[in-house]
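Trainee: Would you mind keeping the following structure in view while I ask a few things?
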Amino acid sequence: MPMSTQAAPELQVSRWFNTPTPLSLAALRGRVVVIEAFQMLCPGCVSHGLPQAQRVRQAFAREDVEVIGLHTVFEHHAAMTPVALEAFLHEYRIGFPVGVDAASETGPIPRTMAAYGMRGTPTLLLIDRTGRLRQHHFGQVEDLVLGAQIAQLIGEPVTAIALTSGA
């Protein structure tokens, strides 16, 4: 998806793992935010999306880039409980913060997934330092492409960011 200047919708999370306090995009302003939306039973998430998110977390400084997992369950709800997710995160050694996308009262698509118009998992979202959604990838993203996109967002001049965000 092409670059965008729209503000990223806030995450709607019912429970957090691997963080002592709930996270918000507003509180993460000043950093590039990488969100990996996944499901435990999604083969592409397990083989590509989550390992890539772990590589991103290792490759970039925490003061520049925050990696967040979003467990967004739109099928097999009974099998993908928070207890199962906690075991999954432990077994796969996922150390970055992971939020459970809040359930919708009107259907199977969770709230954050709906707010971003995600088509499925894995989905990777890149949010710039001012809180704007800049990339929305469905499916696999090559490491070099993702790394270049993140580096571009990190390298944007702060003055240009402040001017375009209305800050």
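All of the numbers you see were taken from the coordinates with simple rules; none came from a lab. The structure presented is a predicted model; accordingly, all values stated were derived computationally and were not measured. All Cβ positions, even for glycine, are placed from backbone atoms using ideal geometry, and neighbour counts span all protein chains on display.
Trainee: What longest range of the chain stays clear of loop-exposed trypsin sites (Lys or Arg not before Pro) (DSSP non-H/G/I/E/B, at most 13 other C-beta within 10 angstrom)?
Mentor: Counting only loop sites that pass the neighbour cut-off, the longest clear stretch is 1-61.
Trainee: Within a 10 angstrom radius of the beta carbon, how do H136, H90, H71 rank from fewest other beta carbons to most?
Mentor: Fewest-to-most ranking of H136, H90, H71: H90, H136, H71.
Trainee: Looking at (1) 17.1, 64; (2) 15.2, 48; (3) 14.8, 45, which value of Rg and Dmax of the Cα atoms in Å comes from a calculation on the structure shown?
Mentor: Derived directly from the coordinates: (2).
Trainee: Let me ask something additional. At a Förster distance of 25 Å, what's the computed FRET efficiency of F138 paired with S14, Cβ-Cβ distance as r, to 0.05?
Mentor: 0.60
Trainee: Ok, one more. So what's the gap between the Cα centers of region 34-94 and region 95-132, to the nearest angstrom?
Mentor: Taking the Cα centre of each part, region 34-94 and region 95-132 sit 12 Å apart.
Trainee: Once you have the Cα-Cα distance between E86 and R119, take 0.36 nm times their residue separation minus that, and quote the gain in nm to one decimal.
Mentor: 9.4 nm
Trainee: Now for a separate question. I want the local charge near E156. Using Cβ-Cβ distances under 13 Å, sum +1 for each Lys or Arg and -1 for each Asp or Glu among the other residues.
Mentor: Net local charge, E156 excluded: +2.
Trainee: Hey, what did the chain get for relative contact order, percent, Cα under 8 Å, at least 6 apart?
Mentor: The value is 35 percent.
Trainee: Under unit Cβ charges (Lys, Arg +1; Asp, Glu -1), what dipole magnitude, rounded to 20 debye, does region 13-165 have relative to its Cα centre?
Mentor: Dipole about the Cα centre, nearest 20: 240 debye.
Trainee: Taking 0.36 nm per residue of sequence separation and subtracting the Cα-Cα distance, how much length would be gained by fully extending the chain between S104 and D64, in nm to one decimal?
Mentor: 11.2 nm
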